[in-house]
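Only one structure is covered here, and it is reproduced in the block below.
Only the coordinates and a few stated rules stand behind these numbers; no lab work does. Since the structure is predicted, the reported quantities are computational estimates derived from the model, not experimental observations. FYI the Cβ positions are ideal-geometry reconstructions off the backbone, even for glycines, and counts take in every protein chain you see.
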Amino acid sequence: MKKSRKVWAIVIVVIVILGFWMSGKYNGLVTTSEKVKTARSQVENVYQRRLDLIPNLVNTVKGAAAQESGVLVAVVQARAQATQTKVDINDAASFAKFQATQGEVSSSLSKLLAVVENYPTLQSIQAYRGLMVQLEGAENRITVERKTFNDTVNTYNIMLRSFPTNIVAGLFGFHIAAQFQADAAAAKVPMVDFTK
């Protein structure tokens, strides 16, 4: 009788220790998963800041460069598409679509800035210069926040794939998170031609 009590006591202690261990791993995964969501939200926040600057920039440029309306329309359309794109961190397709729409915004802004170079008087307008400083700041914040997001995702994914945490992750349905990837066009070296 005493021997069976010892066995049951050992079994109960092992179960309690296993329970504490699993709850610790689970809570660690939840905490890191929430950090990933927060970092992604911050990236979306700085993208929104950039999107909020675009109408003012377009209106400022519009007055000085009315004949370049095709570029202005492209910027406005890219912004509209980007504001309608929703992202689900657990859905790789929606994440890729979000990245693509933000890439379109960047591309159309680059074209707009190229147009502006043809209008030196526009570059001297205080409102334009102020908007460009804000836009440059927004682009820098996007870069910083994307790096922070990717670092957080990396930490989460390593935790998720490490043994024995991967067992707990599998039991409770945690999934690998996707990182922001560079746009495919970013791999091409830009051509600079000062002869035009």
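With 10 angstrom as the radius, rank V36, V7 by how many other C-beta atoms surround their C-beta, starting from the fewest.
The order, fewest Cβ neighbours first, is V7, V36.
Among the listed pairs K37/K147; K2/K25; K3/K25, which have their C-alpha atoms separated by more than 25 angstrom in this model?
From K37/K147; K2/K25; K3/K25, over 25 Å: K2/K25; K3/K25.
To make sure I understand, if each residue's beta carbon is the centre and we count other beta carbons within 10 Å, what order do I142, I15 fall in, fewest to most?
Listing I142, I15 from fewest to most nearby Cβ atoms yields I15, I142.
V168: net charge of surrounding residues, Cβ under 13 Å, Lys/Arg +1, Asp/Glu -1, itself excluded?
Summing Lys/Arg as +1 and Asp/Glu as -1 gives +2.
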